[in-house]
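Here is the structure we will look at.
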Amino acid sequence: MRITGTGHASMRIDTAAGSILCDPWVNPAYFASWFPFPDNSQLDWETLGNVDYLYVSHLHRDHFDAEHLKRFISKKATVLLPEYPTSQLEDELRDLGFTSFFRTRSDEVHELDGGLKVMIQALISPTDGPIGDSSLWVEHDGIRVLNQNDARPSDLTRFNELGHVHAHMLQFSGAIWYPMVYELPENAKTAFGKQKRERQFDRTWRYIDDLKADFVFPIAGPPCFLDDELWQFNDIHGDEGNIFPDQSVFLTEYAKVGGTNAVVQLPGSVTELSDGGRTQSTTHPTPVDEFFANKVAHLEEMRERKRPALEAEKASWRHPEVDVLGELKKRIEPLLEESIYLAKGVGGPVRFDLVSYDGEEIESIVVDFPGKQVRPYADEKVRYRFKTQRELIEHLIFIDEGDWVNSLFLSCRFSAARIGQYNEFVYAFFKCLSEERLQYAEGWYDEHEKSVDAEDIEFGDWTVQRRCPHLKADLSRFGIVEGNVLTCQLHGWKFDLPSGRCLTGVGHKIRATKNS
Ligand code: FES
């Protein structure tokens, strides 16, 4: 089996029974904020795109690159489709010209022509990706690989059941806007970023330990930021609170916990797995150490080369004819009317401060969840406040974007302030700005709330419910207790055991009793 690194979360898997191209991403994503790093635009995509199967794990724009898929990937490829609750991924791929689809069932092994076996595990909570994220397991000739991607299953049991995995590809770096965009004192931001960076690594070690594969491939990030306005997010400034450590940092940190089996691929690196998967040999287009030692120079060169495309894209965002308040009213108020769980979960007004083109004026608009309306800000206390350029919202309206997480928020082109804890319902709502998605999310939360978590486990002096109140991670694997606080390492949520209170999110009480 041969694995060719094609950048970020992308790879091509070649076997004697066929080839699979995963998540090819080349063009900048999220308002041109994210670019793949190292640059993969100069690979021979005509050849790489001539494949038997295409796997797009989910619709995040650093995994689903419509322009690239349209131009370079063979439309004869059969799409291996995760089992998602909405048909959006399939619809978008059909629009690009793909016609052959193999609909997998989550957690079920499928045997394709020539004995190639695949299984896709689909995660479908409203917080997983843009309504869905997935991992791909592949077996051929006794060699098994798991492309876990950036998915966060509560455990890897299902993959372990299928036999020893030889190569495990997974995310280790950040892919979010927290804490950089928050209006906080610099030292607080650094402290939160540092915690986040440590948590990301801890989660990665846990998954690696769960699977115990022969080889571990750190993938799916970090991206690089080439716009001058975002340049500070690249991990090149010695900021210990930066959440985007790269593969060379991964190697250092992994070595500290005893890891010796990492394989870092650059775009164009080729790994051959042989000896039943127990041996690997990798060739690189350029030495990996040297590449990362010269990271700043590579980034600067890339910034200059991509500047014209970036400027052209930025020039396309302004649509002064759009009546932002009127359009938001038209689009969002019917959804507020229908929303029960999400609106209740948000629980208060959310304010958007839109900065005019010249930076001189600010128009404040409130999405009033309890009042179920969108209106001008009326000097009230708000739960969340976002500040961004008016042109970004104009563009979202212009392209009729139904997922502001997969566009505005991941762009990091905003600042934010909030009162109280992180509220996942705010982001869940703004990724569901369509009838289909909103109904799905409402249904999911309804079911989730009604399901009873009966099983308990022991944690030293405490008896605690086994499943995390957040997204049901098994706390016997992901939980750690320090003093009276339990932390679930899957997403780092904390719970005060004596009161059961969640210290990270609204609601989500945990059941815990002190053993006598
Ligand atoms: S499942 Fe998310 S913190 Fe536990």
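The values are calculated or read from the model by the stated rules, or taken from the named source; none is laboratory data. Everything numeric here is computed off the predicted structure, so don't read it as measured data. Here the Cβ positions follow ideal geometry from the backbone for every residue, glycine too, while neighbour counts run over all protein chains shown. Only protein heavy atoms, including side chains, enter the accessible area calculation; ligands, DNA and RNA are left aside. Shrake-Rupley method; radii C 1.70, N 1.55, O 1.52, S 1.80 Å.
Select from the stretch 240-262 the residues that are surrounded by fewer than 16 Cβ atoms within 10 Å (Cβ to Cβ) and touching a Gly at 6+ places or on another chain (Cβ under 8 Å) and list them in ascending order.
Within the stretch 240-262, just 240 meets the criteria.
Select the helices (runs of 4 or more DSSP H) contained entirely in the stretch 280-357, then report the ones holding at least 2 residues which are open to solvent by 80 Å² or more (accessible area, probe 1.4 Å), modelled with pLDDT of 95 or more and on the phi < 0 side of the Ramachandran plot. Reasoning before the result, please.
Numbers: elements: 288-293, 295-314, 324-338, 341-346.
So the answer is 288-293, 295-314, 324-338.
Please verify whether residue 429 is within 13 Å of the ligand (Cβ to nearest atom), aromatic (Phe, Trp, Tyr) and surrounded by 21 or more Cβ atoms within 10 Å (Cβ to Cβ), treating the condition exactly as stated.
no
Of all residues in the stretch 458-505, which are open to solvent by 50 Å² or more (accessible area, probe 1.4 Å) and either more than 14 Å from the ligand (Cβ to nearest atom) or assigned by the TED database to the domain that holds residue 427 (or both)?
458, 460, 461, 482, 483, 484, 498, 499, 501, listed by residue number.
Count, please, the residues in the stretch 137-178 that happen to be of a type in the set (S, T, N, Q) and within 20 Å of residue 17 (Cβ to Cβ).
1
Which count do you get for residues in the stretch 177-190 that are open to solvent by 50 Å² or more (accessible area, probe 1.4 Å) and not aromatic (Phe, Trp, Tyr)?
Summing the residues that are open to solvent by 50 Å² or more (accessible area, probe 1.4 Å) and not aromatic (Phe, Trp, Tyr) in the stretch 177-190 gives 5.
Can you find a residue that is open to solvent by less than 10 Å² (accessible area, probe 1.4 Å), among the hydroxyl-bearing types (Ser, Thr, Tyr), touching a residue at least 60 places away in the same chain (Cβ under 8 Å) and more than 30 Å from residue 295 (Cβ to Cβ) anywhere in the stretch 131-140?
Yes, the stretch 131-140 contains at least one residue that is open to solvent by less than 10 Å² (accessible area, probe 1.4 Å), among the hydroxyl-bearing types (Ser, Thr, Tyr), touching a residue at least 60 places away in the same chain (Cβ under 8 Å) and more than 30 Å from residue 295 (Cβ to Cβ).
If you check residue 265 against the conditions, is it at negative phi, in the same structural domain as residue 43 (by the TED database), open to solvent by 20 Å² or more (accessible area, probe 1.4 Å) and touching a His at 6+ places or on another chain (Cβ under 9 Å)?
Details: at negative phi: yes; in the same structural domain as residue 43 (by the TED database): yes; open to solvent by 20 Å² or more (accessible area, probe 1.4 Å): yes; touching a His at 6+ places or on another chain (Cβ under 9 Å): yes.
Against the criterion (at negative phi, in the same structural domain as residue 43 (by the TED database), open to solvent by 20 Å² or more (accessible area, probe 1.4 Å) and touching a His at 6+ places or on another chain (Cβ under 9 Å)), residue 265 qualifies.
When you go through 455, 436 one by one, which is the residue that is outside the structural domain of residue 356 (by the TED database) and open to solvent by 50 Å² or more (accessible area, probe 1.4 Å)?
On the way: 436 fails: outside the structural domain of residue 356 (by the TED database).
The unique qualifying residue is 455.
Can you say whether residue 422 is within 16 Å of the ligand (Cβ to nearest atom) and modelled with pLDDT of 90 or more, as far as the supplied structure shows?
Working: within 16 Å of the ligand (Cβ to nearest atom): yes; modelled with pLDDT of 90 or more: no.
Criteria not met by residue 422.
Any residue in the stretch 503-516 that is on the phi > 0 side of the Ramachandran plot sitting within a Cβ distance under 9 Å of a residue that is in a strand (DSSP E or B)? List the pairs, counting only those 6 or more apart or interchain.
508/493; 508/495; 508/502
Is it the case that some residue within the stretch 57-66 is in contact with a Lys or Arg (Cβ under 8 Å, 6 or more places away or on another chain) and over 30 Å from residue 281 (Cα atoms)?
no
Can you tell me which residue is nearest to residue 301 (Cα to Cα) among those in the stretch 198-227 that are open to solvent by less than 40 Å² (accessible area, probe 1.4 Å) and among the charged types (D, E, K, R)? First the steps, then the outcome.
First pass over the stretch 198-227, keeping only residues open to solvent by less than 40 Å² (accessible area, probe 1.4 Å): 200-201, 203-204, 207-208, 210-211, 213-227.
Next cut, among the charged types (D, E, K, R) only: 203, 210, 214, 227.
Numbers: 203: 33, 210: 39, 214: 36, 227: 13 Å.
If we take residues in the stretch 198-227 being open to solvent by less than 40 Å² (accessible area, probe 1.4 Å) and among the charged types (D, E, K, R), then 227 is nearest to residue 301 (Cα to Cα).
If a residue has to be in contact (Cβ under 8 Å) with a residue 60 or more places away in the chain, farther than 30 Å from residue 109 by Cα and aliphatic (A, V, I, L, M) to count, how many in the stretch 159-207 make the cut?
So the count comes out to 3.
Name the single residue that is most open to solvent (accessible area, probe 1.4 Å) among those in the stretch 149-168 being within 21 Å of the chain's Cα centre (by Cα) and within 16 Å of the ligand (Cβ to nearest atom).
The extreme case among them is 152.
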